[in-house]
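Take a look at the structure set out below.
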Amino acid sequence: MAGPLQLEFVSSAKRVGDLPESPAEVALVGRSNVGKSSLINALANRKQLARVSNTPGRTQLINLFALPTGATVVDLPGYGFAAVPTREKATWQPMIEGYLLGRESLQALLLLVDAEIGPTKLDLQMLEWVYANTIPTVIVATKCDKVRPSRLAGRKQQLARACRLEEGDLMWASASKGTGIEQLRAHIRVLLQT
Ligand code: GDP
């Protein structure tokens, strides 16, 4: 089926153990400000499903959305927000690692990287960790409308190399322009078999 993902917000949790069960799930993670909320809104074609540019603190939870089939999409809190207090930084890592290692229904992690400035040092740390823990991961380059067309080919090559991927394994998306959104929806549907 084509068209927007019919996501509805279900619940938020601090721990993986507090999430409702799911038959199949994909999760999104990335540096704060990478465009994760905008991307979720674009996937669902909804303006405010996930909040855009939220203040840190309110986004420090695992947010779960469900499709009509019962399959789920999880919005994981972003990393690397300078203004987040140390106390919250210390809870981020066990929360995310607990989720990624403990969520049985997880089919794949979508790791969002800024198409223009990524991967950052924190993105690479995250990537090393998911590779080391064999978490099935798809890299999505966000805000690709910001890369000038003349630089696009070079940037794709650079980004893929830095992420140790083939260029074809990177997905390119722009929530603002709609680029790559339908491909990403289709990919998520395949992962969720929905
Ligand atoms: P989050 O913190 O990862 O959830 O990021 P947001 O979705 O809140 O977006 C952060 C900022 O990037 C906002 O100012 C958005 O308007 C902007 N942004 C998000 N997606 C895009 C995009 O595809 N293209 C451009 N140019 N800006 C975007």
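Within the chain, the longest run free of exposed loop sites, counting trypsin sites (Lys or Arg not before Pro) that sit outside DSSP helix and strand states (H, G, I, E, B) and have at most 10 other Cβ atoms within 10 Å, spans 59-194.
For Arg164 and Leu122, compute 0.36 nm times the residue count separating them, minus their Cα-Cα distance, and round to one decimal in nm.
On the way: separation 42, 0.36 × 42 = 15.12 nm, distance 1.53 nm.
The span from Arg164 to Leu122 would gain 13.6 nm if fully extended.
What you get for segment 8-192, charging only the Cβ of Lys and Arg (+1) and of Asp and Glu (-1), is a dipole of about 680 debye around the Cα centre. Equivalent ellipsoid of segment 8-192: semi-axes from √(5λ) of the C-alpha gyration tensor, largest first, are 24, 19, 17 Å.
Applying 1/(1 + (r/R0)^6) with R0 = 41 Å to the Cβ-Cβ distance of Thr194 and Ser150, what FRET efficiency is obtained, to the nearest 0.05? Numbers along the way, then the final one.
On the way: r = 38 Å, r/R0 = 0.94.
For R0 = 41 Å, the calculated efficiency reads 0.60.
In plain terms, the bigger the Kirkwood radius, the slower the diffusion; for segment 95-194, with that radius from Cα pairs, at 25 °C and 0.890 mPa s, Stokes-Einstein puts D at 172 µm²/s.
Bear in mind these aren't lab numbers, they're just calculated from the coordinates by the rules spelled out. Here the structure is a predicted model, which means the values were calculated and not measured. Ideal geometry is used to build each Cβ from the backbone, glycine not excepted, and the neighbour counts take in all protein chains shown.
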